[in-house]
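The structure appears below as C-alpha cells.
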Amino acid sequence: MRNTARQTRENRTITIDFHDETTYFRLLDDGKAFVELVMAFILSLGFQLKHKATCRGDGCLTRHSHYVRVRLGGFTIWRIQCTRCKAVFTVLPHFVLRYRQMRPEVARDALLATHGGLSLELCAVISHLSPMALYRLVCAFGHQSLVAVLTRCALPLPTYVLADEKHSRCLTAKVYLPTIVRGRVIWHLGYTEDASAAAFAQSYGEFQRTASQQEPSYRVKGVLTDGFDSTTKNLRTLFPGVRVGTCLRHALLKLPTKLAAVASPVRKALRSQFHTLLYRARQRKGLRVFALGQQLRHFANHVATMAGTANGARVRRWFQEKKVGWYAVLEDPQMPVTSTFLDQAHNAIDRKLFMMKAFHHPHGSQRAFLTGLAHLYNLVPYQRRAQHAGQCGVEVDGGRLPTADWFLNLQILTSGGFR
Ligand SMILES: [Zn+2]
C-alpha cells in the first residue's frame with residue numbers, strides 16, 4: 001500500500017544577487033566565501049530565512065550539497081543547510097530562474113511586453129519562446145501571495161482600502177475579480193466564475209486570512225466600495241467594525257442617469273451644483289456630515305423644481321440609498337474619497353485577462369496567473385513620461401525594494417525561502 005500522506009516539500013529557494021556571473025563561478029570553489037556572500041546579501045535586504053518551525057535561525061549555515069543544471073548548460077547550483085534545524089536552502093544566482101530554462105533577460109523582456117499589454121502570443125514571437133512558457137512563468141511568480149511580497153517591501157498592511165469586483169469575460173464565460181487596492185498597489189486579486197455573495201466573501205476572506213497570519217492584530221478600518229449590497233454586508237462580516245463608504249466620484253457620474261427627459265443644459269447645471277455640494281462637504285470638517293444631510297434634502301427639492309417631481313423623487317430615493325456610504329467617507333478623514341486607483345488597476349488587469357483568453361481552460365491556474373500579473377502591476381516601474389516615471393507602485397506608496405532592478409526584485413521577493 002502506498003503511503004498516502006505524501007509530504008509536500010517546502011519551497012526554500014532563495015535568489016541571490018552575485019552582481020555578475022564571473023563572481024558566482026569564482027565562488028563555486030570557495031565554500032566559506034560563498035556562504036558569507038549569501039549571508040551578507042540576505043542581511044542587506046533585512047530578510048530572514050524560513051527555517052523549520054522549531055528553529056530560531058541562530059544556527060550556522062554550511063554548504064550542504066550541489067547539483068548540476070543540465071538544461072542550462074550544466075553549471076552548478078549549491079544548497080546550504082542550517083546546522084540546527086537541517087533546513088536546506090537552494091541558492092539560485094540572479095541569472096537563473098527556478099525550474100526554468102529561460103534566461104532572465106528573455107523573461108524580463110517578455111514580461112515587460114506582457115505588462116505593457118501585448119498578447120502572450122506576440123510577446124512570445126518577439127522573445128522566441130512559446131506562449132505557454134510565458135504563461136507558466138507568470139503563474140510561477142504568482143504562487144507567492146501579494147501580501148507576502150508587499151510586506152517584504154516593508155509596506156504596512158493597509159488599514160483603509162478600496163474593494164470591488166471587476167466583471168470581466170474569459171472566452172464566453174462571465175468571471176469576477178474581487179480586488180483590494182490601497183494607493184497604487186494591488187493587495188488582493190481573486191478570481192471566481194460564481195457571482196454569488198458567498199464566492200466574493202471567500203475571495204476577500206483569503207486576503208483577511210493571509211494578512212492575519214502576518215499580523216494577528218490586523219484590522220481593516222475603512223473600505224470604499226461600489227459593489228453590491230451583498231458585498232457591503234460581506235465586508236462588514238469579514239472586517240468587524242469596518243467603516244464602509246461609497247465613492248464620491250461615482251456619485252457625481254451617476255447623477256445624470258437619475259434625470260430622465262431633461263434638457264441638456266439643465267442636466268449639466270444640476271451636475272455642476274451637485275459637484276459643488278460634495279466638494280464643500282469635504283472641505284468643511286467637523287459639522288460636514290450634518291451639513292450634508294440637510295443639503296441633500298435641499299438639493300432633491302431643487303431637482304424637483306428644475307426637472308419635475310418625478311425626477312426629484314427619483315433623486316431623493318437614490319440619496320436615501322447612498323447617503324450612509326457618503327457619510328462614512330466624510331466622517332473619517334483617512335477614508336479614501338474616490339475609487340480611481342481601483343478602476344485603473346482593474347482596467348490594466350482586464351486587458352491582460354482579455355489577452356489570456358486562449359489560455360482559459362478548466363484546469364488553468366487563473367488565480368496564480370492573476371496574482372503574477374498583480375506582482376508585475378506592483379513592481380514594474382512606470383514609463384518615462386508618467387507622473388512617477390521610473391518608480392513602481394510599491395515605491396510610490398513608500399515601500400522599500402531589495403535592488404534597483406525590477407526583475408531581480410520580482411525574483412527575490414517571490415522566493416520561497418524568505419520569511
Ligand atoms: Zn534552522
Out of THR403, THR305, THR340, THR414, I need the residue that is surrounded by fewer than 19 Cβ atoms within 10 Å (Cβ to Cβ) and closer than 30 Å to CYS55 by Cβ. Which one? THR403
Could you check how many residues of region 267-281 are at pLDDT below 90 and over 15 Å from GLN295 (Cβ atoms)? 0
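Which helices (runs of 4 or more DSSP H) does region 111-220 wholly contain that include 2 or more residues that are buried (at least 18 other Cβ atoms within 10 Å of the Cβ) and over 18 Å from the mean Cα position of the chain (by Cα)?
Working: elements: 120-127, 131-141, 146-152, 197-214.
Fully inside region 111-220 and qualifying: 120-127, 131-141.
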Count of region 285-307 residues which are at pLDDT 90 or above and not aliphatic (A, V, I, L, M): 6
The residue from VAL315, VAL244, VAL266 that alone is touching a Leu at 6+ places or on another chain (Cβ under 9 Å), surrounded by 12 or more Cβ atoms within 10 Å (Cβ to Cβ), closer than 30 Å to ALA211 by Cβ and of a type outside the set (Lys, Arg) is VAL244
Within region 91-116, can you find the residues that are at pLDDT below 90 and either at positive phi or within 16 Å of the ligand (Cβ to nearest atom) (or both)? TYR99
Can you run down the residue pairs with Cβ atoms below 6 Å, 6 or more apart or on separate chains, where the first is in region 41-69 and over 24 Å from CYS153 (Cα atoms) and assigned to a loop (DSSP other than H, G, I, E, B) and the partner is of a type in the set (Ser, Thr, Tyr) and within 16 Å of the ligand (Cβ to nearest atom)? GLY59/THR83; CYS60/THR83
Exactly one of TYR377, TYR382, TYR327 is among the aromatic types (Phe, Trp, Tyr), more than 30 Å from ARG136 (Cα to Cα) and either modelled with pLDDT of 90 or more or surrounded by 13 or more Cβ atoms within 10 Å (Cβ to Cβ) (or both), and that residue is TYR327
Output yes when any residue across region 342-351 is modelled with pLDDT of 90 or more and in contact with a helix residue (DSSP H, G or I) (Cβ under 7 Å, 6 or more places away or on another chain), and no when none is. yes
Could you tell me whether any residue of region 172-190 is at pLDDT below 90 and touching a helix residue (DSSP H, G or I) at 6+ places or on another chain (Cβ under 6 Å)? no
Which numbered condition trips up VAL35, out of (1) of a type in the set (A, V, I, L, M); (2) away from the ligand (no atom under 16 Å from the Cβ); (3) over 30 Å from the mean Cα position of the chain (by Cα)? (2)
Which of the residues belonging to region 40-90 are within 16 Å of the ligand (Cβ to nearest atom), under 21 Å from PRO402 (Cβ atoms) and surrounded by 15 or more Cβ atoms within 10 Å (Cβ to Cβ)? ILE42, PHE47, LEU49, LYS50, HIS51, GLY57, LEU61, ILE80, PHE89, THR90
Any chance region 354-371 includes a residue that's buried (at least 18 other Cβ atoms within 10 Å of the Cβ), at pLDDT 85 or above and in contact with a Ser or Thr (Cβ under 8 Å, 6 or more places away or on another chain)? yes
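The values are calculated or read from the model by the stated rules, or taken from the named source; none is laboratory data. Keep in mind the model is a prediction, meaning the values are calculated, not measured. FYI the Cβ positions are ideal-geometry reconstructions off the backbone, even for glycines, and counts take in every protein chain you see.
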